[in-house]
Amino acid sequence: MRIDVRPTGSQGALWRALIVFRAASLVFVAVQVGRSYADYAHPLGAVTALAAMAVWSVFVCIVQPMLPVFPRAGGWRPRWSAVAMVAADLAVAVAALLATRLVDTHERVVTGAPTLPGTWTAAAVLGAAIAGGAPLGLVVAVVLSAALVVERGSFATTTTSSATLLVLAGVVVGYLATTTLKAEEQFAQVRALEAARAERDRLARAIHDGALQALALIARDAAVMDRDAIASLATEHETALRSHVTALVRDSTVSSIADVDLRTLLTPLETTWPHRAITLAMPAEPVLLTGHVAVDMAAAVKAALDNVDRHAGPSASAWVLVEDEGDAVVVSVRDDGCGMASDRADEARAVGRIGIAGSIVGRLASLGGSATVTSAVDDGVEVELRVPRR
């Protein structure tokens, strides 16, 4: 598998920081060349070298961040094109460093005058570290340090200090680049797992709201239902379930952002259960929510009413109250039925029934909202659904 590491994310930030470093160090070299122009043995040679460094800086800043890497267990490695770019960058840095002996006087070199490219050569070490991690950064730092010793002609204190800084920069920046890449990969895997879990939860809610509800109804009323009614009910819910699964696949690639008036989705609920008295109280103004949020909110309300139909008793009535609080929308579903014990929902979840836990609480949690269930025996049930606006 190939992964193109474009200048984005944390590694992109490192590449952009390197571009700033190259530009700033090049400006510093230009100032240094200007101040020492009269002291060079070959001033025009120094200016020519500076121009070549500027051209190379522009080229490498454009091309190097676009070269891809391959993932591997425990780290990352660059492609050969990236390694070739690092080698070319190192060659240019070494050439600029050794050019100091060609354009400067012997007296200035032996007395420790600044090299022609100065800190600009460190960009080659940093680029290698970002592209290939600590190992490649260390190799480039050692080669560049050796060239520095050759240029100076001795292991002077300043030479040793510069070489040490180059090695440390290559190792530390390389470790940082590798760590950030691995962290981003792990974060992407976590997000993928979360997305897969969310899709499984949505499918589980669809099965519960459709097929399982139909099976529960058949199990409850099979004695009074004829074969044609059972077949019709099964066909109806099979079609609905297939449509819902198709919608899940479609919605996984298309995100709905259009606003939907929640009232239009809740109004038909008054006639869905003709044998149950359901009263809706809603604002006069539209209650707008993002499309998928409104659909899931309406589905949670329907799931709460399904529970009323199944558990509240034949004579119980239900009320649905919609409140628009500006930054959130709250829907309360209340009935005056037989109620339930406060721990009944936990018991149902423990035996695999996900009505309240999945179709209501889980659905609201997936929207960033919350669902609160309040009940007591012989005192009805109230479900409060709250979802944030954006």
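The values are calculated or read from the model by the stated rules, or taken from the named source; none is laboratory data. Here the structure is a predicted model, which means the values were calculated and not measured. So basically every Cβ, Gly included, is an ideal-geometry build from the backbone, and we count neighbours across all protein chains shown.
Any idea which of (1) modelled with pLDDT of 90 or more; (2) over 18 Å from Arg108 (Cα atoms) is the one Ile3 doesn't satisfy?
(1)
Can you tell me which residues in region 279-301 are surrounded by fewer than 20 Cβ atoms within 10 Å (Cβ to Cβ) and under 12 Å from Val320 (Cβ atoms)?
Across region 279-301, the qualifying residues are Thr279, Leu280, Ala281, Met282.
Examine region 27-40 for a residue that is outside any helix (DSSP H, G or I), modelled with pLDDT under 90 and farther than 29 Å from Tyr175 by Cα, and state whether such a residue exists.
Yes, the conditions are met somewhere in region 27-40.
Scan region 307-325 and give yes if some residue there is of a type in the set (S, T, N, Q), surrounded by fewer than 15 Cβ atoms within 10 Å (Cβ to Cβ) and in a strand (DSSP E or B), otherwise no. Talk me through it step by step, then tell me what you get.
At the first step, the residues of region 307-325 found to be of a type in the set (S, T, N, Q) are 307, 315, 317.
With surrounded by fewer than 15 Cβ atoms within 10 Å (Cβ to Cβ) added as a condition, the list becomes 315.
Next, from what is left, pick out any that are in a strand (DSSP E or B): none.
No: region 307-325 contains no residue that is of a type in the set (S, T, N, Q), surrounded by fewer than 15 Cβ atoms within 10 Å (Cβ to Cβ) and in a strand (DSSP E or B).
Does Gly380 count as over 19 Å from Leu269 (Cβ atoms), surrounded by 18 or more Cβ atoms within 10 Å (Cβ to Cβ) and at pLDDT 80 or above?
no
Taking interchain pairs and intrachain pairs at least six residues apart, which have beta carbon atoms under 8 angstrom, with the first residue in region 79-100 and more than 23 Å from Asp39 (Cβ to Cβ) and among the polar types (S, T, N, Q) and the second surrounded by fewer than 21 Cβ atoms within 10 Å (Cβ to Cβ) and at pLDDT below 95?
From region 79-100, the pairs are Ser81/Leu67; Ser81/Pro68.
Condition check: farther than 16 Å from Phe21 by Cβ, in the same structural domain as Leu50 (by TED's automatic domain parsing) and within 37 Å of the chain's Cα centre (by Cα). Does Leu116 satisfy that?
Details: farther than 16 Å from Phe21 by Cβ: yes; in the same structural domain as Leu50 (by TED's automatic domain parsing): yes; within 37 Å of the chain's Cα centre (by Cα): no.
No; evaluated as a whole, the condition is false for this residue.
For the structure I just gave you, tell me whether Arg386 is surrounded by 15 or more Cβ atoms within 10 Å (Cβ to Cβ), at pLDDT 80 or above and touching a Phe, Trp or Tyr at 6+ places or on another chain (Cβ under 7 Å).
Here the answer is no, as Arg386 does not meet what is asked.
Hey, among Val83, Val60, Val55, which residue is among the β-branched types (Val, Ile, Thr), over 25 Å from Thr158 (Cα atoms) and at pLDDT 95 or above? Lay out the reasoning, then the answer.
Numbers: Val83 fails: at pLDDT 95 or above; Val60 fails: at pLDDT 95 or above.
Criteria check complete, one pass: Val55.
Can you list residue pairs whose Cβ atoms sit under 8 Å apart, with the first residue in region 106-126 being aliphatic (A, V, I, L, M) and the second being part of a loop (DSSP other than H, G, I, E, B) and surrounded by fewer than 16 Cβ atoms within 10 Å (Cβ to Cβ)? Count only pairs 6 or more apart in sequence or on different chains.
Qualifying pairs under 8 Å: Val109/Gly153; Val110/Gly153.
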